[in-house]
1. Run down 92, 87 and say which single residue is out of contact with any Gly (no Cβ under 7 Å at 6 or more places or on another chain), charged (D, E, K, R) and under 19 Å from residue 124 (Cβ atoms).
2. Taking residue 20, is it in a helix (DSSP H, G or I), under 24 Å from residue 136 (Cα atoms) and either open to solvent by 80 Å² or more (accessible area, probe 1.4 Å) or of a type in the set (A, V, I, L, M) (or both)?
3. Among the residues of region 83-100, are any modelled with pLDDT under 80, among the polar types (S, T, N, Q) and either in a strand (DSSP E or B) or touching a Leu at 6+ places or on another chain (Cβ under 7 Å) (or both)?
4. Any idea how many residues of region 23-65 are under 22 Å from residue 149 (Cβ atoms) and among the β-branched types (Val, Ile, Thr)?
5. Please state which one of 120, 127, 148 is modelled with pLDDT under 85, out of contact with any Cys (no Cβ under 7 Å at 6 or more places or on another chain) and not hydrophobic (A, V, I, L, M, F, W, C).
6. Give the residue that is nearest to the chain's Cα centre (by Cα), with candidates limited to residues of region 125-159 that are of a type in the set (Ser, Thr, Tyr) and buried (at least 16 other Cβ atoms within 10 Å of the Cβ).
7. Considering 79, 57, which residue is assigned to a helix (DSSP H, G or I) and farther than 30 Å from residue 142 by Cβ?
8. Please tell me if residue 62 is charged (D, E, K, R), modelled with pLDDT of 90 or more and either touching a Lys or Arg at 6+ places or on another chain (Cβ under 7 Å) or in a helix (DSSP H, G or I) (or both).
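The values are calculated or read from the model by the stated rules, or taken from the named source; none is laboratory data. If you're wondering where the values come from, they're calculated on a predicted model, not measured in any experiment. Cβ sites come from the backbone with ideal geometry, for glycine too, and all protein chains shown count toward neighbours. Side chains included, ligands, DNA and RNA excluded: accessible areas come from the protein's heavy atoms. Shrake-Rupley method; radii C 1.70, N 1.55, O 1.52, S 1.80 Å.
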Amino acid sequence: MSIMRNNRGFTIVELLIVIVVIAILAAISIVAYNGVQERARASSVSSAVVSIQKAFTLWAIEEGYSTWPIPSGNPSLDTLASTTSIKNYLQKSPTIDGVTNWIYDNDDDSRSGCTLSTSGVNVFASGVSQSIAQRVDESIDDGALNCGTVRYTNGGSLFISIDEDQIVGN
């Protein structure tokens with residue numbers, strides 16, 4: 001008498017193939033998701049930089065500045081917005097995940113290099129990765145992080161320069 005087996009389950013090889021395919025799809029989606037997050041953060045920083053540049057330019061025009069004011073120390077944008085009329089254009093520092101300490105820096109800086117020699121104000125932010133800074137620079141400047149309107153330091157700070165020639169009349 002022979003006993004017939006009715007095999008209705010999956011073999012171990014079939015199960016392993018399914019697991020490998022799922023693992024490959026998961027790895028691809030994680031890499032794609034991380035790229036989307038970085039592009040979104042870079043877009044947020046770019047938008048904040050453009051807003052800050054516009055706010056400072058409008059503030060200078062409203063106040064009749066021909067040069068940028070030099071406050072004592074380097075106040076945060078929040079402090080500047082609460083103590084000056086720039087609050088009409090910039091209520092507070094941009095809030096972007098990981099980006100902190102938006103600081104107004106005007107020590108009557110002048111910059112030179114890369115055929116650029118201007119004076120103006122710097123706004124800098126801490127906590128920006130180099131890859132995000134590169135994307136920001138490519139979207140609103142020249143793509144060279146060592147000079148131009150957007151610059152980056154190895155310490156993780158993004159510098160945005162706002163030149164005095166952006167003020168109408170200069």
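1. Values: 87 fails: under 19 Å from residue 124 (Cβ atoms).
Matching residue, one of 92, 87: 92.
2. Working: in a helix (DSSP H, G or I): yes; under 24 Å from residue 136 (Cα atoms): no; either open to solvent by 80 Å² or more (accessible area, probe 1.4 Å) or of a type in the set (A, V, I, L, M) (or both): yes.
Spelling it out, it is not the case that residue 20 is in a helix (DSSP H, G or I), under 24 Å from residue 136 (Cα atoms) and either open to solvent by 80 Å² or more (accessible area, probe 1.4 Å) or of a type in the set (A, V, I, L, M) (or both).
3. Checking region 83-100: at least one residue is modelled with pLDDT under 80, among the polar types (S, T, N, Q) and either in a strand (DSSP E or B) or touching a Leu at 6+ places or on another chain (Cβ under 7 Å) (or both).
4. Summing the residues that are under 22 Å from residue 149 (Cβ atoms) and among the β-branched types (Val, Ile, Thr) in region 23-65 gives 6.
5. Numbers: 127 fails: modelled with pLDDT under 85; 148 fails: out of contact with any Cys (no Cβ under 7 Å at 6 or more places or on another chain).
Only one candidate qualifies: 120.
6. The initial filter retains those residues of region 125-159 that are of a type in the set (Ser, Thr, Tyr), namely 126, 129, 131, 139, 149, 152-153, 157.
Pick out the ones that are also buried (at least 16 other Cβ atoms within 10 Å of the Cβ) and you get 129, 139, 149, 152, 157.
Working: 129: 8, 139: 11, 149: 13, 152: 11, 157: 10 Å.
Per the stated criteria, the residue is 129.
7. Details: 57 fails: farther than 30 Å from residue 142 by Cβ.
Exactly one of 79, 57 is assigned to a helix (DSSP H, G or I) and farther than 30 Å from residue 142 by Cβ, namely 79.
8. Details: charged (D, E, K, R): yes; modelled with pLDDT of 90 or more: no; either touching a Lys or Arg at 6+ places or on another chain (Cβ under 7 Å) or in a helix (DSSP H, G or I) (or both): yes.
Here the answer is no, as residue 62 does not meet what is asked.
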